[in-house]
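To keep things clear, I will list the structure first and then write my remarks on it.
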Amino acid sequence: MKNISKKRRAILAVLLIATVLIAATVFAEGEEVVSPFANSFWALVPPIVAIGLALITKEVYSSLFAGIFVGACFYANFNFEGIMNHLFVDGMIAQLSDGWNVGILIFLVMLGAVVALMNKAGGAAAFGKWSSKNIKTRTGAQLATIALGCLIFIDDYFNCLTVGSVMQPVTDKHNISRAKLSYLIDATAAPVCIIAPISSWAAAVTGFVDGYDGLSLFIDAIPYNFYALLTIAMMITIVLLKVDFGPMATHEKNAIEKGDLYTTPDRPYSESNVEEVETNAKVLDLVLPIVVLIAACVVGMIYTGGFFSGASFVEAFSGSDASVGLVFGSSIGLLFTIVYLLCRRVINFKDAMDCIPEGFKAMVPAILILTFAWTLKAMTDSLGAADYVAALVESGAAGFMNFLPAIVFIVACGLAFATGTSWGTFGILIPIVVSVFGADGSTIMIIAISACMAGAVCGDHCSPISDTTIMASAGGKCNHINHVSTQLPYALLVAGVSFVMYIVAGFVQSVIVLPIAIAVMVGVIFLIKFLTDKKAASKKA
């Protein structure tokens, strides 16, 4: 009854807000007025509304749209015509017309088609049989997922969907919940990319630093990227110790004891699964297309960076267009998969062509959420949310030099959580940090920039409107809100330890802080295991 009353209150709140806003639009004047909500705290209200409603109602589509609608009302000063134009023309239509976004959507569809082909041909089933013989425990399945996630460090989007499609049959056989699979995917996507010098993320960061060698700075900052490194350490520790806490513990208990991988009734991706058939497929029929896909995506990215026009490999990666490169790579991967599977005679031409719309169908939930998330970001951008936060940081930075890394980490977390974007966050904050310290390569500047990148990843990791979080839900075929709610306690724990370590690093200014941070993180997990075991023992008694 409590859950029902909460949902009713949330729905009534949404209706009340909508009624007030619609009523306001009726009496608003038709002429365009400069919004009084711009460049103020009000600019952060739309994502706060979307995130709050998503966590309360457990329904992401309407929550995102409510946030978008509030942002459009603020921007247009409640003018009906202005709201409609900003909501659809400047918002959804503009986002779906953006070249980068369209490239990501095409990449999603092609990757979905590749996965559908491998399933239909029996490659995934063959891999599942092989893994059942060679990966014999839940711990081994989870460690294999982490290892694969760390190996695919080129791009977080590619990481999420590839790791999910490859490892899902393995984790399903060992009754690992979809929420846990999605967490392992998400925690080895952005956190791995942000510490890999050869990745689309490294390329993005290097472009935000003026007056300094961006790639060298990125490499120097890796030992201070506490959130990313501690996330990896935490994953390995909780898998080896077999400890889970928060909502994740419920999902894992249901998976182990009842064989229920979802826990909640909603199974948004179950109907999009392609039915597996018995064929003479081999493990190579899954592995080879994936390897070709990875290689083709790498080549596609360095091609867009000018590698074949004389640029070095590092320069090409730094200047690459990840969206276009992934489209090139995925198209080659899709074409290779079709031809290869037809030559192997494990699938016929008609079934191969049928897999393309099936792959599209599998990606529809992710595409819809991504479209809404991008539109919500456009609303906050138009209201000047980034400028508001940047001004706050810049005005207060000078007086807290030693505490600045910890402050930047918290601000980056908040901004990335509210906007759902890591790249946009460190694109805003890194130039501010450089302007405060100067591009002198000092240790405190490097720590502060690393704190900015770590905070951006942390906020992105926690945010329900983050595209990476959405991709991880799609990759693990998990209810999106389930993924967010189960991952949040894990991410916040790592964030807390990272915050303390950035305070220490601001004064010590040495890489010696990293092993201390890892020891503290592992120690906290041991403490949690001790407390959970003690609680379980007391219940039995």
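The values are calculated or read from the model by the stated rules, or taken from the named source; none is laboratory data. Computed from a predicted structure; not experimentally measured. All Cβ positions, glycine included, derive from the backbone under ideal geometry; neighbour counts span all protein chains shown. Note: accessible area is taken over every heavy atom of the protein model, side chains too, but ligands, DNA and RNA are not part of it. Shrake-Rupley method; radii C 1.70, N 1.55, O 1.52, S 1.80 Å.
Scanning segment 195-229 for residues that are assigned to a loop (DSSP other than H, G, I, E, B) and either on the phi > 0 side of the Ramachandran plot or at pLDDT below 85 (or both) turns up 196, 197, 198, 199, 207, 208, 209, 210, 211, 212, 213. Among residues belonging to segment 486-516 that are farther than 19 Å from residue 413 by Cα and either under 26 Å from the mean Cα position of the chain (by Cα) or hydroxyl-bearing (Ser, Thr, Tyr) (or both), point out the one that is surrounded by the most Cβ atoms within 10 Å (Cβ to Cβ). Restricting to residues being farther than 19 Å from residue 413 by Cα and either under 26 Å from the mean Cα position of the chain (by Cα) or hydroxyl-bearing (Ser, Thr, Tyr) (or both), the top hit is 514. For segment 526-540, a residue qualifies if it is farther than 14 Å from residue 246 by Cα, free of Cβ contacts under 8 Å to residues at least 12 places away in the same chain and open to solvent by 100 Å² or more (accessible area, probe 1.4 Å), and the qualifying residues are 530, 534, 539, 540. I'd like to check something: does segment 58-68 contain any residue that is open to solvent by 80 Å² or more (accessible area, probe 1.4 Å) and either β-branched (Val, Ile, Thr) or modelled with pLDDT of 80 or more (or both)? No, segment 58-68 has no match at all.
When segment 229-262 is filtered for residues that are without any contact (Cβ under 8 Å) to a residue 60 or more places away in the chain and closer than 16 Å to residue 485 by Cβ, the ones remaining, listed by number, are 250, 253. Search segment 142-160 for residues being modelled with pLDDT of 80 or more and buried (at least 24 other Cβ atoms within 10 Å of the Cβ), and hand back the single one that is farthest from residue 185 (Cα to Cα). The extreme case among them is 142. Restricting segment 73-101 to residues that are open to solvent by less than 50 Å² (accessible area, probe 1.4 Å) and of a type in the set (A, V, I, L, M, F, W, C), the residue that is nearest to the chain's Cα centre (by Cα) is 92.
Comparison of 374, 423 shows that the only residue that is closer than 18 Å to residue 70 by Cβ, of a type in the set (A, V, I, L, M, F, W, C) and modelled with pLDDT of 65 or more is 374. Summed over segment 439-464, residues that are open to solvent by 10 Å² or more (accessible area, probe 1.4 Å) and either in a loop (DSSP other than H, G, I, E, B) or farther than 30 Å from residue 511 by Cα (or both) total 4.
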